[in-house]
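Structure first, then comments.
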Amino acid sequence: MKTKAGVGTWLTRVFLILWTILIIIPFAMMFLTSAKTNEEFYAGVWALPKNPGATIASNFSAAWAKGNFGSNFLNTIIIVGCALFLSLLLSVMISYAIARKEFKGKKTVHTLLLIGLLTSCMVGLTPMFILARFLGLFNTRFVLIILFAARAMPFCCFIMISFLKSIPFELEEAAMIDGASNSRVFGQIIIPLTRPAFVSAGIFLFIDYWSDYMYGLMFISSKSKNTISMGMLQFRVVSGFKIDWGITCAACVIFIAPILLLYVLFHKQVMGGLTAGSVKG
Amino acid sequence: MNKTLTKAQHDKRFILAMVAIPLFVYLIFFLIPCFAGLFFGFTDFGGYSLNVKWVGLYNYKKIFADHAFRKAIVNHLKLYLGTVVFCFPLAFISAIALTRNRALKESSFYKILFFFPSTVPMLIIAILWMVMYNPSFGVFNTFLTAIGLQPVQWLASSKVVMWSVLLIVIWRQFGFYLVYFMAAVSNIPQDIYEAAYIDGASDVQQTFYITVPLTWDVITTAMLFFIESSVTLGFNVVYIVTRGGPDNASEILSSYMFSMITENLDYGKASAVGAIMLLLTLGMAFIILKVFRRESYEY
């Protein structure tokens, strides 16, 4: 392990600093532009805002109205909350059975989950659409919840199975000998112990659900049930139309704020959650 | 519940419930629809009437005759391979530098900053990169003209557009794979390197004979997972930034399929594209598992 800075270190550093700049530029521009009017933006992308206070207020209120953020926020909270709960619950159930119990067809079930890891939900959009219409679930919040939950299960199980395998068996056995039922062992011993895996998977799912607009586009048709990311689609840049960059960037800031906050507070857990599975075990 | 059930029967029922309920939801709302595309690709489903007709290979013939579809397959593979070839080695080398080079004291700063884009919704990244790529006021062209070079049509030139798409994907994923590989590299015990150092192995030799073999599992796993993420990431970039244009030059399979649904309401053809995408994905996964997976080293 090197401790002194040599030529190699400086070369690496140059690359890393260049990449840092490349990462910062778009976000810096986003925050800067959200405080500028459209005229100011076209006058100079990097010029400082002339009257930030008033422009910020007008940009953000215009963005809030255009993206219908009020009702979309509420929808997103309901959908993301329920989907998170459902997905984690279903995943921990099946993961527990796979990791710690013996049953017939265990290998098949595990393989089915692994196939799901490699399958993009996009290939199933048409059949899912047919299914939603057939079940009369089209244009309901419930269909988004259950589809989100099902889609996330392979990844959640992937994290949870390896985690559950690492918990010592003695804990369960001791509780069983004391006369605890299966469901009590599961609810009062296993679930509390699995908390780190819940956090990792939960963060991943939150970011995934928050950003998703594809399911929304496919399965929701009325505006009152839109999620926040579908509201964001209002700001998609369409060539031929004049774009108000100040308002667009203000909408981006609103949309990104919860994730930015989550990242600033819990970046360690976020990194752990998203890259779970990279560590041997 | 029946009180005469024995303990073993209780256990059996419990496990059955624990497996059956989640499995049912998973199969009905995810896995079966994904594979059902293989069936609907042979029908003329139009999105409204559930009364579908079997049309045989018609949809497949039609899409293979479409030059945009053929372009989409090539671009799909380009996007995957481009990221694996450019992003993975870059991230891996940086991961080694940031974990093993103590002289880089600010390494956790880079880690936290570089990872951030992979948490940001693609919708925002796409909008921001449209500003970066803008031919008149975009950052890249401003820079190029400032140093006296010709401005580039990042999104309007059919030769450049796929590279622009690739750059967005790499920009977003670099930090993700950096952190992913850093976790793997820092897991290798220090004494292996020390032994190699005493035997006179150089940094490069240590990388190729210790770090790469011992993290090969993680690298191939990343390649495997990126098959799936490239579909979604690529879709987001293409759907928002380029809309497949110019002249289908940046069309990828997922965007091609989605426009088939939203613009043509041709669910049959969309399913056929979906089926091709699924087969391609599984084929790629198979190749990676068969060709790239070696026996893993225990340490």
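For the residues A:THR194, A:THR12, A:THR108, a GNM of chain A with alpha-carbon springs under 10 Å puts the largest fluctuation on A:THR12. For the range B:168-228, pairs of C-alpha atoms spaced more than 20 angstrom apart make up 36 percent of the total. What the phi angles of the range A:146-153 give under the Karplus curve with 6.51, -1.76 and 1.60, with θ = phi - 60°, is a coupling list of 6, 5, 4, 4, 5, 5, 7, 4 Hz, glycine and proline written as x. Over all orientations, the range B:2-130 has a Cα convex hull whose mean projected area works out to 17.9 square nanometres. Cβ-to-Cβ counts within 10 Å put A:VAL270, B:VAL19 in ascending order as B:VAL19, A:VAL270, the fewest first.
Close amide H contacts of B:THR43 (hydrogens built in the peptide plane, cut-off under 5 Å, sequence separation of 5 or more or a different chain): B:VAL55.
Note on A:LYS107: lysines with a C-alpha under 27 Å away, same-chain residues under 8 apart excluded, are A:LYS165, A:LYS280, B:LYS7, B:LYS12, B:LYS290.
Taking only Cα atoms and a 10 Å spring cutoff, compute GNM fluctuations for chain B and point out the largest among B:PHE109, B:PHE39, B:PHE140. Residue with maximal mean-square fluctuation among B:PHE109, B:PHE39, B:PHE140: B:PHE109.
Here the Gaussian network model covers chain A, with springs between Cα atoms less than 10 Å apart; of A:SER120, A:SER200, A:SER58, A:SER120 fluctuates the most. Straight-line cross-link reach from B:LYS111 at under 16 Å between alpha-carbon atoms covers these lysines, not counting any fewer than eight positions away in the same chain: A:LYS268.
Calculated on the alpha-carbon coordinates, the convex hull of the range B:118-238 measures out at 149 cubic angstrom per residue.
Couplings 3J(HN,Hα) for the range A:50-62, derived from phi with the Karplus relation 6.51 cos²θ - 1.76 cosθ + 1.60 (θ = phi - 60°), are 7, 9, x, x, 5, 5, 4, 4, 6, 4, 5, 6, 5 Hz, where x marks Gly and Pro. Starting from the Cα gyration tensor of the range A:1-103, take the square roots of the eigenvalues, sort them a ≥ b ≥ c, and report rounded, prolate or oblate (rounded when a/c is under 1.5, otherwise prolate if a/b is larger than b/c, else oblate). It comes out oblate by the Cα gyration axes. Annotation: the residues B:VAL273, A:VAL143, A:VAL14, sorted from fewest to most other C-beta atoms within 10 Å of their own C-beta, follow the order A:VAL14, A:VAL143, B:VAL273.
The lysines whose alpha-carbon is closer than 30 Å to the alpha-carbon of B:LYS53, local same-chain residues fewer than 8 away aside, are B:LYS61, B:LYS62, B:LYS71, B:LYS269.
Rounded, prolate or oblate: pick one for chain B, where a ≥ b ≥ c are the square roots of the eigenvalues of its C-alpha gyration tensor, a/c under 1.5 means rounded, and failing that, prolate if a/b is larger than b/c, else oblate. Oblate, since a/c reaches 1.5 and b/c is not below a/b. Helical content of chain A, expressed as a calculated mean residue ellipticity at 222 nm, amounts to -23000 deg cm²/dmol (DSSP H runs of 4 or more residues, -39,500 (n - 2.57) each, divided by residue number, nearest 500).
Taking only alpha carbon atoms, the protein assembly as shown gives an Rg to Rh ratio of 0.98, where Rh is the Kirkwood radius.
For the range A:96-102, the Karplus equation 6.51 cos²θ - 1.76 cosθ + 1.60, evaluated at θ = phi - 60°, returns couplings of 4, 4, 5, 6, 10, 10, 10 Hz by residue, with Gly and Pro reported as x. Listing B:VAL84, A:VAL199 from fewest to most neighbouring C-beta atoms within 10 Å gives A:VAL199, B:VAL84. Each 5 Å bin from zero up to the one holding the largest Cα-Cα distance in chain A carries the following percent of pairs: 1, 5, 9, 11, 13, 12, 12, 11, 9, 7, 5, 3, 1, 1, 0, 0. In whole angstrom, the range A:151-281 maps to an equivalent ellipsoid with semi-axes of 42, 17, 12, each derived as √(5λ) from the alpha carbon gyration tensor and ordered largest first. When shorter helices are ignored and each DSSP H run of at least 4 residues is given -39500 (n - 2.57), the per-residue value for chain B at 222 nm works out to -20000 deg cm²/dmol.
The numbers here are math on the coordinates, done by the rules we state, and not lab data. All figures in this text were calculated on a predicted structure; none of them were measured in a lab. Every residue, glycine as well, gets a Cβ built from its backbone with ideal geometry; the counts of neighbours run over all protein chains shown.
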